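The values are calculated or read from the model by the stated rules, or taken from the named source; none is laboratory data. These numbers were taken from a predicted model, which means no experiment stands behind them. Here Cβ is always computed from backbone atoms with ideal geometry, including for glycine, and neighbour counts include all displayed protein chains. Side chains included, ligands, DNA and RNA excluded: accessible areas come from the protein's heavy atoms. Shrake-Rupley method; radii C 1.70, N 1.55, O 1.52, S 1.80 Å.
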Protein chains: 2
Amino acid sequence: MSDVRALRWADAGAGVEILDQTLLPEQEVWLRLGSAAEVASAIRDLRVRGAPAIGIAAAMGLAVEMARHAGLERDEFLRRLDAAYTELAGARPTAVNLRWALDRLRRLADSLGDAGNGVIACKLWGEATAILDEDRAMCRAIGEHAFALLPEPEARVLTHCNAGALATGGIGTALAPLYVGHERGLRLKVYADETRPLLQGSRLTAWELRRAGIDVTILPDSAAAVLMREGVLDLVIVGADRIAANGDVANKVGTYGVAVLARHHGLPFYVAAPTSTIDPHAASGAAIPIEQRDADEVRRGFGRLTAPAEAAVFAPAFDITPAELISAIITERGILRPPYDASIADALALDTAQHPPV
Amino acid sequence: MSDVRALRWADAGAGVEILDQTLLPEQEVWLRLGSAAEVASAIRDLRVRGAPAIGIAAAMGLAVEMARHAGLERDEFLRRLDAAYTELAGARPTAVNLRWALDRLRRLADSLGDAGNGVIACKLWGEATAILDEDRAMCRAIGEHAFALLPEPEARVLTHCNAGALATGGIGTALAPLYVGHERGLRLKVYADETRPLLQGSRLTAWELRRAGIDVTILPDSAAAVLMREGVLDLVIVGADRIAANGDVANKVGTYGVAVLARHHGLPFYVAAPTSTIDPHAASGAAIPIEQRDADEVRRGFGRLTAPAEAAVFAPAFDITPAELISAIITERGILRPPYDASIADALALDTAQHPPV
């Protein structure tokens, strides 16, 4: 079982502890954050990243903040609640899970009327804990479902970017079946694309899998095709940033290329993500906007100039993998198969109340 | 016309001038090298790189060295010739062109008997100049042949690594048709994969194309698939490190993946290389050994630790692109088409005396 966590409640006092991901893999430093402002700052600085983990961190930060203010007058308490909500929601404006988690606490507070500041604060604390626990359960459920897709007694798996424990409250999404398999004695040989430009594969995925004792090898993104041709892979599994109603998947740039290569080499290509990642309002991948990353992430790798300073750069943050290249989408509710418009609609119909609208 | 050169004769005195590629793109520094030892050192330190350029540099270095010794006794002159040959040949032992160029000068010296040191030194100088000139002509011929494959009035081209002026004595191989097209007013939009781990695409290809005034955009290797899907490319062209008798091509890692992606998207995939790159003794790509690069090129790519220090790494230096993915191989003798076993045999039958055996 992986002991890697992106964040946790502090043992003593009111605090959120966050593993500072900007310092990995060189240093493992836990930050103890005692206010909404400190949590917002950690989110802004990418010390905690990954959509689920950000949402959880924000909820915990709001709870910690309000626990400190339980003794205030009611008006002042509510004013502080507003301010903390606003600061946390603005930390990464485009992160859907962040707003969803904060709204869930806000609605709860509104529903409690004049129950008293202490009761409200405790209920918020409980709700943040519930969000963390639900995310853990979601990861575990994805891991169990996806585990059934792994060959035995050995699975040789390629992944891209980091959709692991460091991105969630639990054991991750794409990496979850690997942790489940490792628990059960499955032999694993994992390959992690380094994932330029920000190297989440070599910095984060390699770190957390090694921490769990799982055999992992990093490679330049461009070497994935060689692995496939050499016949040393059984499957590819990645996470998702957003999934359209037809099954098209937006994920870290490079995912689409890996999917094409997997198809060429006859390898299954799986996407693991919670149903909250599905955006029923996006009919297809064409409806998902793709932002460009800062050119200097490519031109100045890690501080050093590695290209002409003014060179033009093409660096989309994400790409769209069309549904026809995806063998299955594994959610906490089960394995979705093509045709995805039908299987996704069925999965969403089960129950959407508990999950963030995207 | 590109004014970018990897190396040249010094204007005054006996010297080879080399553009220090380890300092690009930040600084453009020409090194003036006055001895075989200095040239060998520059080759060892990768200040000059690319198989053709290394061979030319070695020949010029030997000529410069012997010009300084023309006044010595004959025995001492020959002893110096031996020593310089050995030092230069050992600078990068696996570089085929290096040994080929040196042997060509050595055979010439041997053939001159007791013509006198001055005559021998001058003849060596002339031969080194001939090797440089032949390489320039080879690049130009490749460029002219390959130019015919570019669409007009605009060509949108993806390349990988650096097979340009910086790798040769002339205008390069894969980049040669772009320089020819630019001369003739063809509108060009060039995309250069950054080419991890050593970033020859962003450091070198982007630099030399910008120098020539050609529109170039760099991208993470993993974004090439997105470009293809967006329909903004007309073709892919790359160089080659070795070509088997059946048309399989060994080139910088990542080339194979790009070839698969090009096939998936219906784009022509061209290889440009001199016939000297063809190894008739390798029946197929399976006969070409592929070395692994140093793991720290991936783990510490930018001087900073970007992966767990002990992480396993898969980093082949080259990969093999099977002939069936290659639309044409463009040599100085013309455009070779499938079936390559026949077209390659025909091309080699024309005349092999002038070219290095691989």
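Structural remarks
- Remark on region B:279-315: accessible area falls by at least 20 square angstrom from chain-alone to full-complex state for B:Val298, B:Phe302, B:Arg304, B:Leu305, B:Thr306, B:Ala307, B:Pro308, B:Glu310, B:Ala311, B:Ala312, B:Phe314, probe 1.4 angstrom.
- Electrostatic bookkeeping for B:Val238 treats Lys and Arg as +1 and Asp and Glu as -1; over the other residues with beta carbon under 15 Å from its beta carbon, the sum is -4.
- Other copies of A:Leu72: label-to-label distances in nm, shortest first, labels 7 Å along the beta-carbon direction: 8.7
- Inter-copy separations for A:Gly113, label at 7 Å along Cα-Cβ, nm, ascending: 11.9
- Evaluated with a Cβ-only charge set (Lys, Arg +1; Asp, Glu -1), region B:235-358 carries a dipole of roughly 360 debye about its Cα centre, given to the nearest 20.
- Taking the helices alone, chain B has a mean residue ellipticity at 222 nm of -12000 deg cm²/dmol, built from -39,500 (n - 2.57) per DSSP H run of at least 4 residues and averaged over all its residues.
- Accessible area of the protein assembly as shown divided out per residue, in Å², using a probe of 1.4 angstrom: 36
- Heavy-atom accessible surface that A and B bury in contact, both chains counted, 1.4 Å, Å² to 100: 4500
- Cβ charges +1 (Lys, Arg) and -1 (Asp, Glu), total dipole of chain A, debye: 380
- Per-residue mean of C-beta atoms belonging to partner chains within 10 Å, peptide B:252-264: 5
- Extents of region A:128-261, largest first, come to 44, 34, 29 Å (Cα atoms, principal axes, whole angstrom).
- Ligands, DNA and RNA aside, B:His69 has an accessible area near 10 Å² when probed at 1.4 Å.
- For the peptide B:229-239, the mean number of other protein chain Cβ atoms found within 10 angstrom of a residue's Cβ is 1.
- Accessible area (Å², 1.4 Å probe, nearest 10) - B:Ser41: 40
- Whole-percent P(r), the protein assembly as shown, all Cα pairs, 10 Å bins from 0: 3, 14, 22, 21, 16, 11, 7, 4, 2, 0, 0, 0.
- Once C-alpha pairs closer than 8 Å and six or more residues apart are averaged by separation and normalised to the residue number of chain B, the relative contact order reads 15 percent.
- Listed residues B:Leu98, A:Leu112 arranged by accessible area, highest first, probe 1.4 Å: A:Leu112, B:Leu98
- Relative contact order of region A:1-113: 24 percent, from C-alpha pairs under 8 Å at least 6 residues apart in sequence.
- About the centre of its Cα atoms, the protein assembly as shown shows a dipole size close to 260 debye [charges on the beta carbon of Lys, Arg (+1) and Asp, Glu (-1) only; nearest 20 debye].
- Distance from the C-alpha centroid of region A:153-230 to that of region B:165-196: 37 Å, rounded to the whole angstrom.
- The protein assembly as shown, accessible surface, carbon-and-sulfur percent (1.4 angstrom probe): 49
- Annotation: amide H-H contacts under 5 Å for A:Val29 (H modelled 1.01 Å from N, sequence separation of 5 or more, or interchain): A:Asp20.
- Cα shape, region A:197-264, gyration tensor, a/c 1.5 rule: oblate
- Inter-copy label distances at B:Pro280, shortest first and taken from points set 7 Å along Cα to Cβ: 6.9 nm.
- Based on C-alpha pairs under 8 angstrom that are at least 6 apart in sequence, region A:181-257 has a relative contact order of 23 percent.
- Every Cα-Cα pair in region A:1-67 was counted, and those over 16 Å apart are 38% of them.
- Residue-normalised convex hull volume from the C-alpha trace of region A:255-357: 145 Å³ per residue.
- Dipole axis of chain A (+1 Lys, Arg; -1 Asp, Glu on Cβ), positive-most option in A:Val271, A:Gly334, A:Ala58: A:Val271
- Rotation relating A and B, chain B residue nearest the axis via C-beta, angstrom: B:Phe302, 1
- B:Arg79, B:Arg104, ranked by accessible area, largest first (probe 1.4 Å): B:Arg79, B:Arg104
- Peptide B:213-219 shows a mean partner chain C-beta count of 4 within 10 Å per residue C-beta.
- For q = 0.09 Å⁻¹, Debye-computed log10 I/I(0) when each Cα of chain B counts as one equal scatterer: -0.50
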